[in-house]
1. Taking the Cα centre of segment 260-415 as origin, sum charge times position over the Cβ atoms of Lys and Arg (+1) and Asp and Glu (-1), and report the length of that vector in debye to the nearest 20.
2. Quick check: the distance between the Cα centres of segment 241-292 and segment 141-184, to the nearest angstrom?
3. Leaving out same-chain residues fewer than 8 places away, which lysines sit with a Cα under 30 Å from that of Lys307?
4. Taking the Cα centre of segment 217-320 as the origin and placing charges on Cβ (Lys, Arg +1; Asp, Glu -1), which of Gly282, Val305, Ser236 is farthest toward the positive end of the dipole?
5. Would you please put 184-195, 281-292, 100-111 in order of how densely packed they are, using the mean number of other Cβ atoms within 10 angstrom per residue and starting with the highest?
6. Hey, got the dipole for segment 167-212? About the Cα centre, +1 on K and R Cβ, -1 on D and E Cβ, debye to the nearest 20?
7. Please list, in chain and number order, the residues 5+ apart from Thr380 or on another chain whose amide H is under 5 Å from its amide H, with Hs placed from the backbone.
8. Between Lys93 and Lys307, what's the calculated FRET efficiency when r is the beta-carbon distance and R0 is 35 Å? Round to 0.05.
Amino acid sequence: MTDIEDKLTRVLTGAADQVPERARVTLSAAVRARRRPRRAPAALLAAAAVVVVAGGAGTAVRTLGPSAVKQPAVNSTDAQGPTPQPTPAPEEKLPPPIERVWPRALHKIPAKLPDGRVHHPQSLLDDRTMLVMTGRSDGTRQFLWTYGLEGGGPRRIAEIPTRNSTLYAEDVTAGGGDVVWWASYKDPGRQRVARIWTVPVGGGTPRKVADVPLENIMKKGHIGKLEVVGRDVVFSRESGGVYRVPLRGGEPRAVPGTEGRYLLRWPWVGRHTDRDNLLKQGDLAKLIVFAELFNVETGERRDAVVKPDEKFVRCGVNRCYGQSLPTGAGPRNFVRDRDGSRERTLPPDVQLDDQPGLERFYKRMPMDGGVFLYDLVTGTSADLGVRQDKRGGMLIPDGGFDRLMTYRVGKRMYVVDLAAIR
């Protein structure tokens, strides 16, 4: 265990010890069962999360993995969208199922390919086609596929090179007709590298884009995030710094002005509050994720407005969300624009450790079980149909700041295109 991991473990364990027993049993089981096959959010790296659930009734403790927030391959926008409406009063009964609330956004496909292999959704290539990967849990060979959501089924793109690889393919994304990803490799007699690969969406043989030296993983970490920008790949290191390399191959070059910053969504890069000192102090609740933002193309700054009594604050390009703890009052979940305007109250059971899809759609986990999807703009909630298993565990829907959310119910994979919700 690294020094950082040791500190995080002590902090998170201490927080878990403060949870009421009933909440701890239920929520810890859900956490253990949670899987993130598509992405492990974290330029948030050490922005591990201590998340308050159900208005403070219980605290779920979750650690975030070592790669950054994955962004949409298509339909990215900085638009604020419609003005969110006031938060409605808490619902007294289950909301309607997602099939009834947002039928146009939901696709149901088999959770396995016709040959029995489990597939892991990565991103939406367009309104009808999803990029998936196989091989994470059923063998060493990994493959990329496209999957037609309206009856087209799977089509294999390529096999992912795994010889001398020490990690599964990470940050699989697409743009401009190309798929890119990275994995860690240790060739005999050579230094360990994070190798970036690409292959056309139409299929072919994967081609190396660049090797990023991993001379000191404990200090500099792996790659935190990949994105296709025109005919280039941009990425950030977990230790900070954003880099750019041509898709045709070449030497990665640092993007000027990005030292110590992380890629959120091109061209936006940013940094968190004083992460290292907060880790040493064991006070991660004060960590503000992407507190500062900088547009490397225009020079625009978007620094987040945060009040002294707020904790667990995480920010996207346009909005921040977190929890306020005013003196003499109970905790309150909030969301506001980065400049401090248009603040609203979020439902008390909203999960503050998740990235809201399109900075609009939040997951709710009421104490009596289930998972709901909550739309900030309309105040509408939908029941996703997810329930605890016999042991009290639950697979939480996988998503990020982008348009794709997926989860498994029985033998079906539910694919939700959030961009189809109006």
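The values are calculated or read from the model by the stated rules, or taken from the named source; none is laboratory data. As the structure is a prediction and not an experimental result, all values here were calculated from the model. Every residue, glycine among them, receives a Cβ derived from its backbone with ideal geometry; neighbour counts consider all protein chains shown. In case anyone asks, the SASA skips ligands and DNA or RNA and just uses the protein heavy atoms, side chains included. Shrake-Rupley method; radii C 1.70, N 1.55, O 1.52, S 1.80 Å.
1. Approximately 380 debye in magnitude.
2. Segment 241-292 and segment 141-184 have Cα centres separated by 26 Å.
3. Result set, ordered by chain and number: Lys7, Lys70, Lys225, Lys280, Lys286, Lys363.
4. Going by the Cα projections, it comes out as Ser236.
5. Values: 184-195: 14.7, 281-292: 19.4, 100-111: 16.2.
Packing proxy ranking, top to bottom: 281-292, 100-111, 184-195.
6. Working: 6 positive and 5 negative charges, 46 e Å.
Taking the Cα centre of segment 167-212 as origin, the dipole is about 220 debye.
7. Result for Thr380 returns Asp375.
8. On the way: r = 34 Å, r/R0 = 0.97.
E between Lys93 and Lys307, to the nearest 0.05, is 0.55.
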